[in-house]
Amino acid sequence: MLLEIRRLTKRFGGVEAVADVDLSAESGSVLSLIGPNGAGKTTLVNCIAGQFLADGGVVGFRGEDITRLPPHERAKRGIARTFQGVRLFKGLSVLDNVLIGRHSRTRSDVVARIIPFGRADGAGDRDKAGELLHLVDLDSRHSELAGELSYGEQRRLEIARALAAEPSLLLLDEPAAGLNAAESARLRELVRALAGAGLAIVLIEHDVRLVMGVSERIAVLNFGRKIAEGTPREVQADPGVREAYLGVEDEAV
């Protein structure tokens, strides 16, 4: 198993934002985290990526305990992420934003299955960045400023920048937020392609259609605790999940 989380707990003052959560993710799969706002989803991902240090429990990655490691050390080991809010260098070009993501690359072979790597020099990095932009349908915009892209394009650029680090685990925090139906469909195909190439993906998302369409497993959080986990069909049929998040029992999901 690539990612193993055991009894993870994070407190803010007297509030347990995440409480005794167990999770695991394997290569080539999508694990989605769903739940109401404030359920602890982003806090959990922050503990995986290292933005927050857990107050209890263990974050294991490739058999190593990384619970106390800072974010840059986790990135070196193969963990990349996007954020709820767009965090691009909007005054730099689209291409340069992806090149920035190359600095912490881990030489994982996962992304290489989609895009073969070129030479290990500046020209090779530019070629690789261009190919990642092609993957997210932004190759024709490479010389434009990132701030000139539409919101949906900026979300895709963030994914390309995260992939530039050649991760084994990609954490996506609400990547479909603000996207229209066509953009969400494009994102769905991209997530499927990445998982199909062997990447492990942990996805936080409120778009239930997207979650049900890409996930092998879904974990449901409520008030910081995991209340259910299973296949999309199992989670969809769980009465506790329907009450807490998807709707009351007699509503269509």
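Rule-based calculations on the coordinates, nothing more; no lab input. Computed from a predicted structure; not experimentally measured. Quick reminder, even Gly has a Cβ in these numbers, built from the backbone with ideal geometry, and neighbours come from all protein chains shown.
Put +1 on the Cβ of every Lys and Arg and -1 on every Asp and Glu Cβ in the chain; which of 235, 25, 165 then has its Cα farthest towards the positive end of the dipole?
Highest projection toward the positive end goes to 165.
Treating the beta-carbon of each Lys and Arg as +1 and of each Asp and Glu as -1, no other charges, what is the dipole magnitude of segment 186-229 about its Cα centre, to the nearest 20 debye?
40 debye
What is the dipole size for the chain, taken about its Cα centre, with +1 at each Lys and Arg Cβ and -1 at each Asp and Glu Cβ, in debye to the nearest 20? All intermediate terms of the calculation are to be shown ahead of the outcome.
Numbers: 33 positive and 36 negative charges, 143 e Å.
Taking the Cα centre of the chain as origin, the dipole is about 680 debye.
To check you understand DSSP bridge types, tell me what percent of the beta bridges within the chain (both residues inside) are antiparallel, rounded to 5.
That works out to approximately 55 percent antiparallel.
Near residue 18, within a Cβ-to-Cβ distance under 14 Å, what is the net charge of the other residues, with Lys and Arg +1 and Asp and Glu -1?
Within the 14 Å Cβ shell, the charges total +3.
May I ask for the net charge around residue 46, where only other residues with Cβ less than 14 Å from the Cβ of residue 46 are counted and Lys, Arg are +1 while Asp, Glu are -1?
Summing Lys and Arg as +1 and Asp and Glu as -1 gives +3.
If the cut-off is 25 Å between C-alpha atoms, which lysines fall inside it for residue 128, apart from same-chain ones fewer than 8 positions away?
Leaving aside lysines fewer than 8 places away in the same chain, those within reach of residue 128 are 76, 90.
Taking the Cα centre of the chain as the origin and placing charges on Cβ (Lys, Arg +1; Asp, Glu -1), which of 136, 78, 44 is farthest toward the positive end of the dipole?
Of 136, 78, 44, it is 78.
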